[in-house]
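The values are calculated or read from the model by the stated rules, or taken from the named source; none is laboratory data. Being a predicted model, the structure only gives us computed values, none of them experimental. Heads up, the Cβs are rebuilt from the backbone with ideal geometry, glycines too, and the neighbour counts pull from every protein chain shown. For accessibility, only protein heavy atoms count, side chains too; no ligands or nucleic acids. Shrake-Rupley method; radii C 1.70, N 1.55, O 1.52, S 1.80 Å.
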Amino acid sequence: MSSAWAWMLISLMAHTGWGAYPVLARYLQTVSHIPSMALLATANIVALAVLIPFVYRHLDLRQLRSPILWGLAVIVVLRAITNLLAARYTHAIYVQLITLMTPLLVALMSAGLFRDKLPPYTLPAIAFSLLGSLLMITGDLGAGELTLVMGLHDWIGIGLAGISTFCLASYMLLVPRIMRQSVPGETVLVVQLSALLVASLMISLVMGEDWGHFASLGVSDWALFLAFALFVQLGANLGQIASLRNLGAPLVSSTMAWRLVSTLMIAALLLGERLTSLWQILGAALVLATITTYLWRQRSIG
């Protein structure tokens, strides 16, 4: 296997991890009943405990003075908290669906904030993505009913997912500025995980969350928690950083639609959430085709 294909496989594994994120987050909060902020704090404790022994020698404390780095950390904290809570309130598939709109939002924000030229086909891609999304949310997952009626929790979850996607788009706009300061990816990841740990721990303590739920977890719950901490929080982050370094952002992002496929498969397995109507299946296919075509088109233009 050539090195390029090996890095592409790592990139797909990272996308699989991010696709699993809303499913595992929803399961651990709604089935295992782990409090939201306690879940985020403990997952980051595990991720940092595994990561730091391998990277501490490469950390340069002087780089921690970068205001952009800490601005990035704040955005990561907002992104993680809203993404986690979104999965608590609505279906994992809906959360991932909105996340897939990130490249389109990045293009719009870049054009609006930095006066960059809007990439070709952005507006048609937005229109087709919104149409596909509308088709997907016209039915209750698992029931197969065609209706636009959604519960209050669904709308809260979708709103939180929208805020999370805006934070992710902002993150992607800031990352190139961080890289121009020659800050290693490992340093960025340690700062992000540390900021998430401190923020989620403080919020959990202020809210008075009951950490006693961890004592009642079964073997399967612990297995899924470790998958969330190591495969997603640590592995997906490291895989994304490594593949970005070796393949570049255009090629890595061109396979981003795989996240929805990953979410669909894992959600069906763990949560029983499936696309049960023809309209939902057509909507998913339309979103996948639109995002994939758009990203590959931008890659070929770039």
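Please give the residues of region 198-240, grouped as numeric ranges, whose backbone N is less than 17 Å from a label point set 7 Å along the Cα-to-Cβ vector of residue 64.
198-199
In terms of solvent-accessible area of protein heavy atoms at a 1.4 angstrom probe, what is the ranking of 225, 231, highest value first? Could you put the intermediate results ahead of the total?
Values: 225 10, 231 75 Å².
Solvent-accessible surface, decreasing: 231, 225.
Protein chains only, probe 1.4 Å: how do 98, 45 rank by accessible area, largest first?
Final ranking, largest accessible area leading: 45, 98.
Would you mind computing, in nm to one decimal, how far apart the modelled labels at residue 49 and residue 115 are, each placed 7 Å from Cα along Cα→Cβ?
5.2 nm
Region 3-301: D in µm²/s via Stokes-Einstein (Kirkwood Rh, Cα pairs, 37 °C, 0.692 mPa s)?
166 µm²/s
Can you compute the FRET efficiency between residue 222 and residue 265 using 1/(1 + (r/R0)^6), with r the Cβ-Cβ distance and R0 = 25 Å? Round to the nearest 0.05.
Calculated transfer efficiency: 0.65.
With a 1.4 Å probe and every protein chain left in place, work out the accessible area per residue of region 3-301 in Å², rounded to a whole number.
In whole numbers, region 3-301 has 46 Å² accessible per residue.
Sort out for me the Cα centre separation of region 4-53 from region 233-302, rounded to whole Å.
Answer, in whole Å: 16.
Would you calculate a helix-derived [θ] at 222 nm for the chain, using -39,500 (n - 2.57) for each DSSP H run of n ≥ 4 and dividing by the full residue count, to the nearest 500?
Mean residue ellipticity, 222 nm, calculated: -24500 deg cm²/dmol.
Place a +1 charge on the Cβ of each Lys and Arg in the chain and a -1 charge on the Cβ of each Asp and Glu, then give the dipole magnitude about the Cα centre in debye, rounded to the nearest 20. Could the numbers behind the result be given before it?
On the way: 15 positive and 10 negative charges, 216 e Å.
About 1040 debye.
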